[in-house]
Amino acid sequence: MKTMLQRNIRDRFMEGLLVLSTIIVLLPLIIIIAHVIIHGIGALNWDFFTQELGSPSRALQGRPTGLVHTILGTLVVDFMALTIALPVGLGAGIMLSEYPDHKLNPVLRVMNDTLNGMPAILKGLLAFVLIVKPMGTFSGFSGGVALSFVMLPIIARTTESALMSIPWSIREAGLAIGLPRWRVVLSTVMPAARFGLVTGTLIAFARAAGEAAPLLFTSFGNNYLPNHWLGMILGPVDTLPQRLYSLAISPYSHWHNMGWAAAIVLLVFVMLTFATARFFTRQKF
Amino acid sequence: MSTDKDTRKNIRKLLRNPSAIYRRPGDLLFTFLVVTLGISIILLTLSMAFVLYGEGSAALREFGFFGFVRGTTWDPAVQLVFGAWPFLLGTVTTSVMALLISILPAIAVAIFTAEYAPRWLANIIDNLIQLIAAVPSVVIGIWGIFVLAPWLRDTVYLPVFMWAESSYPQLLPILGNPMGYGMTTATIVLALMIVPYTTALTKDAIRSVPQEQREACRALGATRWEVIRMAILPYARGGILAGAILSLGRAIGETMAVAMLIGNKNTLPFTIFGAGATMPSVIVNEFREAVESLHLSSLMAIGFTLFIIALIVNLFAAYLTRKFSIKGGQVI
């Protein structure tokens, strides 16, 4: 039998170990953010937001380069993905929560979870085969479709849990005053769950905005602004995560610095979206 | 029991023959729309399996499924022989090792925030952990390329290599080239990236332990650690296991950071410090440059293999979560 002292020492020791582990886990996060800011802040200037990248020689000769086409492309592709994913994801979420007796419901749940668990790179391959091959060209549209595959299952899942959190009595109240089911869903359940819906959508958006793998085979990348705005949709488009990858593995030190700056922009973009999502989670009716 | 069954039967009857109000065009249209959207997700998931199989079928026919999976040569340039074994091995090694490295710290964080830390501190730690999950993979990748890999090379790999060279030269073939970009670096980064998932799921499992369990243990005179070891961990074991498997699934599919750090070597044997490759990393590296149709098809076949592995891991995790009834364990 161990003495009380031994047991207390052990208790203290384990507590210390837990604190130490927590610090070890959190330390890299702080180091990463610090490094990204230190390395990238120097390259974040006016040119970065107003010029296009161009060829490597442009940077080597010291002419102004930037990533304006990348930032615009990211916004176009991300919002295109959101427009595609939002209706489908909401619809599937409504089906999961409001029609629990539908025969296809268990199938949908399993399939949605499977899609959610699939590596993002496979979603890129799927979009490549479904969109890029028939179109015959890499395009911003195919990038949007690939990212929508990332958003879809997350939106469906969060929509389901947001709608499920609304008590059944609200639906019964709606039905009792003679509303048809679709009005019950659209006018009572969804408004009541609005903060949950916004949070889920933002989380899906942020998760997709950080993905590079699906975009490599779909929107492909582009060093220049397209001549016509339609080129953003029908032609190859640059996006931040994919450009960041290309810059990081390039052999030019000037491009490495731009990569760090792109990392800051991407990090701020994603973190702001997550922070907004967190803000909406805290909201009550 | 019987009343429950009756209600369910009544609901079914009602649904089969809904009252007039639910047969109006508005409801019919809405139901049709919602079910169509739901079915489109089902079709999308199925099409992923079929498309990957269809596009990879040329390679799978050429080498046979098991011949492809077990094939050790990946030569897109000269012989045009493709085997996925090196990448399968790379994926399994890096993700399993990453899980083994990260699981104890992740469980520790979960225990600390759930059982020890005051509420405000637990909130801060939770938010920071979720922040790790929010950092895009490419950002971790660029940090790995320019900061972590050179640092590991100078402070860990080179000294170990020098020591092995002078004392145990027979170790050198196992250690491999200490250039910084290789299996160990990729594994460390992977471990860092899956910590948030393991932590969130472990925390769910710990939260599901009834309060009475803790109180009973305390009443017997147990210290805080003894409560955790005797009352909480045995109860939460299944949930923690399910969380670990789900995190493994994340690690298997993680692409960009690994592709940037693993060094990309397509031939076995892989060494501890030396370069390697995983299934996602080889797709990222070669897909855009694949000219031969057999090469392209082989990459798709690797995608199909990855699909199968991810499917098995996810289904197993889903089975465990259902069995131990923990919540989905959502990371923001």
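Going from the isolated chain to the complete set of protein chains, the range B:135-173 loses at least 30 Å² of heavy-atom accessible area (1.4 Å probe) at B:V135, B:P136, B:V138, B:V139, B:I142, B:W143, B:F146, B:V147.
Accessible area per residue for the range B:199-332 is 41 Å², calculated with a 1.4 Å probe on protein heavy atoms, without ligands, DNA or RNA.
Between the residues B:P173, B:N285, B:I39, the greatest Cα displacement towards the positive end of the dipole of chain B, with unit charges on the Cβ of Lys, Arg, Asp and Glu, is found for B:I39. Phi angles of the range A:205-217 translate, via the Karplus equation with coefficients 6.51, -1.76, 1.60 and θ = phi - 60°, into HN-Hα couplings of 4, 5, 5, 6, 5, x, 7, 10, 4, x, 7, 4, 9 Hz per residue; Gly and Pro are given as x. For the segment B:105-118, counting C-beta atoms of other chains within 10 Å of every residue's C-beta and taking the mean gives 4.
Computed with a 1.4 Å probe over protein heavy atoms only, the accessible surface of the range A:2-43 comes to 62 Å² per residue. Compared with its chain on its own, the range A:205-228 contains the following residues whose accessible area drops by 40 Å² or more in the full protein assembly (probe 1.4 Å; ligands, DNA and RNA excluded): A:R207, A:L216, A:F217, A:F220.
Residue-wise HN-Hα couplings along the range B:279-285, as the Karplus relation 6.51 cos²θ - 1.76 cosθ + 1.60 with θ = phi - 60° gives them from phi, are 4, x, 5, 6, 5, 4, 6 Hz; Gly and Pro carry x.
Mean partner shielding of peptide B:250-257, defined as the number of other chain Cβ atoms within 10 Å of each residue Cβ, is 5.
The apolar share of the surface of chain A, taken as the fraction of accessible area on carbon and sulfur atoms (1.4 Å probe, ligands and nucleic acids excluded), comes to 69 percent.
Across peptide A:23-36, the average count of Cβ atoms from other chains found within 10 Å of a residue's Cβ is 6. Largest to smallest in accessible area, the residues A:R183, B:R61, B:R218 fall in the order B:R61, B:R218, A:R183 (1.4 Å probe, all protein chains included). With all protein chains in place and a 1.4 Å probe, the accessible surface of chain B carries 65 percent carbon and sulfur.
I need the shape label for the range A:2-43. Rule: rounded when a/c is under 1.5, else prolate if a/b > b/c, else oblate, with a, b, c from the alpha carbon gyration tensor. Since a/c reaches 1.5 and a/b is larger than b/c, the shape of the range A:2-43 is classed as prolate. Accessible area buried by the pairing of A and B, both sides summed with a 1.4 Å probe, works out to roughly 7600 Å².
Counting lysine pairs in the protein assembly as shown that sit 8 or more residues apart in sequence, or on different chains, and whose Cα atoms lie under 16 Å apart gives 5.
Each Cα pair under 8 Å and six or more residues apart adds its sequence gap; the mean of these over the residue count of chain B is a relative contact order of 26 percent. Reported to the nearest whole Å, the Cα centre-to-centre distance from the range B:206-223 to the range A:191-225 is 43. Under the convention that each Lys and Arg Cβ holds +1 and each Asp and Glu Cβ holds -1, the size of the dipole of the protein assembly as shown around its Cα centre is about 2040 debye. For the pair the range A:6-78 / the range B:91-134, the C-alpha centres are spaced 20 Å from each other.
The values are calculated or read from the model by the stated rules, or taken from the named source; none is laboratory data. Remember, it's a predicted structure, so these values are computed and weren't measured experimentally. Cβ sites come from the backbone with ideal geometry, for glycine too, and all protein chains shown count toward neighbours. Calculation scope for accessible area: heavy atoms of the full protein, side chains included, ligands and nucleic acids excluded. Shrake-Rupley method; radii C 1.70, N 1.55, O 1.52, S 1.80 Å.
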